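Contents: one structure, followed by commentary.
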Amino acid sequence: MMTKQVFILLLAVSLAACGGQCKEAGAEHVFTIDTVHACTPPLSQGRTSTCWAFATASLLESELLRLTGDTVRLSPMYVVRQKYLNQFEAYYYACGGEDIRAGSLPHSFLRVWREDGLMPRSAYIGAGKGVKQYDHRRLLRRLKLLAQQAVNHRDLPRYRRQAIELLDREMGAVPRTFTYRGREYTPRSFADSLRLCADNYVLLTSFSHHPFYTSFVLEVPDNWEHGTFFNVPLDTLERAVRQALQEGYTVAWDGDVSEASYDAGQGVALWPHHPVTQETRQQEFEQYTTTDDHMMHIVGTAHDESGRFYYLLKNSYGRYGRYKGMLYMSENYFRAKTVSIMLHREALAGFSLPIKNAGR
């Protein structure tokens with residue numbers, strides 16, 4: 001078992017060992033970490049679009065470190081598997097009008113947590129025998145084919161059983177019970193043992209085509225469950241993240257990584273345009289130049305050699321890139337390219353936002 005303090009020290013040492021430098025567009029940036037909160041080492045999502053599960057699991061792992069100092073590695077792929085079954089049923093009931101895709105958003109994780117529980121990664125890796133890298137492309141094609149056959153034959157139970165058999169082969173069967181740290185659990189009892197509550201996490205966004213300080217269904221492809229997000233002005237969104245980090249909380253980030261100035265290999269996300277306003281980010285969203293591409297986990301803050309502010313994020317590409325799975329995101333990039341965030345509702349103390357349950 002590794003304590004919270006040891007995790008923070010190892011992360012800081014790892015980043016410092018990388019030299020704290022990155023080159024982008026011919027310029028060299030030297031980063032100094034200002035704040036870093038406890039987080040678990042990065043994992044790789046492989047050839048899947050399951051960053052939403054990895055980022056949300058990482059957030060909850062940091063929550064456990066914050067609250068208890070205990071290190072627990074959750075299974076993102078258990079949640080992904082259950083979400084695939086939820087999508088299978090949604091496809092059937094919509095007569096094929098829904099898609100079956102790897103992408104999703106944090107409320108899909110919260111739904112599985114509420115309905116099916118959670119598992120530690122040691123009890124469910126979520127990869128078939130001999131698989132060294134996650135790759136769900138074939139799995140999703142076959143799952144969608146089964147869902148369409150269920151629609152064609154109007155027989156959900158039969159084809160759902162076949163879907164479960166497919167997931168068992170490709171990802172591994174889910175054990176009814178498992179042993180963790182000497183105790184026997186089910187996914188439900190394990191989730192309950194964590195003493196976390198799914199209703200404590202809220203989803204925020206910032207777009208002006210809906211009224212501020214109200215909830216709306218965010219219009220992005222990965223929001224297949226039509227979850228609601230609480231809408232706040234851009235400045236409020238950023239202040240909420242800054243306050244959360246100052247108070248010891250971390251934040252799940254969802255946004256656009258299609259820009260040339262996002263470079264996971266160099267470990268930076270920069271935005272050359274200033275200022276970034278509510279109007280400019282809305283225009284980018286409406287022109288589809290800000291898209292819902294990726295989720296990561298904000299775990300700290302930093303500044304460069306000129307004193308410019310950055311967020312420190314944990315990615316889900318494994319220990320990839322200059323900073324071994326970590327990335328520095330500039331303030332302007334955050335303001336321009338953030339689609340949504342998730343954080344603990346207590347991190348919003350003082351904001352007086354009338355937010356109900358996340359994603360529902």
**Message:** Looking at segment 334-343, can you tell me whether even one residue there is over 12 Å from F31 (Cα atoms) and surrounded by fewer than 19 Cβ atoms within 10 Å (Cβ to Cβ)?
**Reply:** no
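Would you be able to tell me the number of residues in segment 183-202 that are among the charged types (D, E, K, R), over 18 Å from the mean Cα position of the chain (by Cα) and part of a helix (DSSP H, G or I)?
Keep residues of segment 183-202 that are among the charged types (D, E, K, R), which gives 183-184, 188, 192, 195, 199.
Now drop any that are not over 18 Å from the mean Cα position of the chain (by Cα), which leaves 183-184, 188, 192, 195.
Now restrict to residues that are part of a helix (DSSP H, G or I): 188, 192.
Final tally of qualifying residues: 2.
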**Test: S108 is in the same structural domain as E170 (by TED's automatic domain parsing), within 29 Å of R345 (Cβ to Cβ) and crowded, with 22+ Cβ neighbours inside 10 Å** = yes
**Message:** Restricting to segment 75-101, name every residue that is in contact with a Leu (Cβ under 6 Å, 6 or more places away or on another chain) and either more than 27 Å from R154 (Cβ to Cβ) or part of a loop (DSSP other than H, G, I, E, B) (or both).
**Reply:** I100
**Request:** Could you please give the count of residues in segment 295-316 that are of a type outside the set (S, T, N, Q), within 18 Å of R242 (Cβ to Cβ) and over 17 Å from the mean Cα position of the chain (by Cα)?
**Result:** 7
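Of D222, D292, D263, which residue is under 19 Å from P42 (Cβ atoms), of a type in the set (D, E) and under 21 Å from the mean Cα position of the chain (by Cα)? First the steps, then the outcome.
Details: D222 fails: under 19 Å from P42 (Cβ atoms); D292 fails: under 19 Å from P42 (Cβ atoms).
Residue meeting the stated conditions: D263.
Look at Y124 and say whether it is touching a strand residue (DSSP E or B) at 6+ places or on another chain (Cβ under 7 Å), farther than 16 Å from E89 by Cβ and of a type in the set (F, W, Y).
Details: touching a strand residue (DSSP E or B) at 6+ places or on another chain (Cβ under 7 Å): no; farther than 16 Å from E89 by Cβ: yes; of a type in the set (F, W, Y): yes.
No.
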**Request:** Could you grab me the full set of residues in segment 158-209 that are closer than 20 Å to A123 by Cβ and among the charged types (D, E, K, R)?
**Result:** D168, R169, E170, R176, R181, R183, E184, R188, D192, R195
**Odd one out for P175 among (1) assigned to a loop (DSSP other than H, G, I, E, B); (2) under 20 Å from T71 (Cα atoms)** = (2)
**Prompt:** Just to be sure, is S352 within 17 Å of T236 (Cβ to Cβ), small (G, A, S) and modelled with pLDDT under 95?
**Reply:** yes
**Item:** Residue count for segment 151-173, restricted to those that are touching a residue at least 60 places away in the same chain (Cβ under 8 Å) and either in the same structural domain as R47 (by TED's automatic domain parsing) or closer than 14 Å to A94 by Cα (or both)
**Value:** 2
**Request:** Among the candidates H153, H209, single out the residue that is surrounded by fewer than 16 Cβ atoms within 10 Å (Cβ to Cβ), more than 30 Å from F285 (Cα to Cα) and over 20 Å from the mean Cα position of the chain (by Cα).
**Result:** H153
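The values are calculated or read from the model by the stated rules, or taken from the named source; none is laboratory data. On a predicted model such as this, the values are computed, not experimentally measured, just so you know. Neighbour counts run over all protein chains shown; Cβ positions are idealised from the backbone, glycine included.
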